[in-house]
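Since the structure comes first, as C-alpha cells, the remarks are kept for the end.
The values are calculated or read from the model by the stated rules, or taken from the named source; none is laboratory data. Since we're looking at a predicted model, the values are computed, not measured. FYI the Cβ positions are ideal-geometry reconstructions off the backbone, even for glycines, and counts take in every protein chain you see.
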Amino acid sequence: MPTVFAEPSTAAAGHAVADGSAENVIEVTLTGKLAAADYEAFVPRIEPLLQQHDKVRMVVILDDFHGWSVGALWEDVKFDLKHFADIDRLAIVGDATWEKGMSVFCKPFTTAKVQYFDLSKVDAARAWVREN
C-alpha cells in the first residue's frame with residue numbers, strides 16, 4: 001500500500017500524494033479548490049520521483065474537487081509544461097461531468113496516455129496505470 005506523505009494544506013482544500021516510487025506510480029488526491037500554496041507543497045515532493053524514473057504513471061483522484069485558484073492554475077500549467085514528456089499514463093478519477101472533460105482537455109499538454117474513470121472505478125484506474 002502506498003504511503004501518504006503530503007497532507008492537505010487546509011481542511012477545505014488541498015492534496016495528498018501517495019508514493020508508489022518503487023513501481024514508478026504516483027497517486028494524487030485533490031480536494032476542494034487548489035491554491036498556489038498546494039503546488040508549493042506538492043511539487044517538491046513529486047520532483048524527486050520524476051527524476052528517479054524515466055517515465056512515471058499517475059492516478060489523479062478528484063474527490064469533491066472544485067478547481068483551481070488563478071495562482072494554482074498558473075502553477076499547474078508550469079508543472080505540465082516542465083513535465084510534458086515525463087508521464088507515461090495518466091488516470092483521472094472523478095465523479096463530475098466536467099472532470100471527465102479534463103481528460104480530453106489535458107491531452108495537448110502531455111504525451112501521456114490519458115483515461116478517465118468514475119470515482120467508483122478507482123481500482124480499475126490503479127490497475128490501468130500499472131498495465132504494460
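Are any residues in region 73-108 among the hydrophobic types (A, V, I, L, M, F, W, C), at pLDDT 75 or above and exposed (fewer than 13 other Cβ atoms within 10 Å of the Cβ), and if so, which ones? Lay out the reasoning, then the answer.
Our first condition is that a residue be among the hydrophobic types (A, V, I, L, M, F, W, C); within region 73-108, this holds for 73-74, 77, 79, 81, 84-85, 87, 90-93, 96, 98, 102, 104-106.
From what's left, at pLDDT 75 or above: 73-74, 77, 79, 81, 85, 87, 90-93.
77, 81, 85 - these are the residues of region 73-108 that are among the hydrophobic types (A, V, I, L, M, F, W, C), at pLDDT 75 or above and exposed (fewer than 13 other Cβ atoms within 10 Å of the Cβ).
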Can you name the residue in region 19-59 that is touching a Pro at 6+ places or on another chain (Cβ under 7 Å) and buried (at least 19 other Cβ atoms within 10 Å of the Cβ) and is also modelled with the highest pLDDT among such residues? 27
Taking region 29-57 and keeping residues under 19 Å from residue 88 (Cα atoms), in contact with a helix residue (DSSP H, G or I) (Cβ under 7 Å, 6 or more places away or on another chain) and of a type outside the set (D, E, K, R) leaves 43, 49, 52, 56
Looking at region 6-16, can you tell me whether even one residue there is closer than 22 Å to residue 126 by Cβ, among the β-branched types (Val, Ile, Thr) and at pLDDT below 80? no
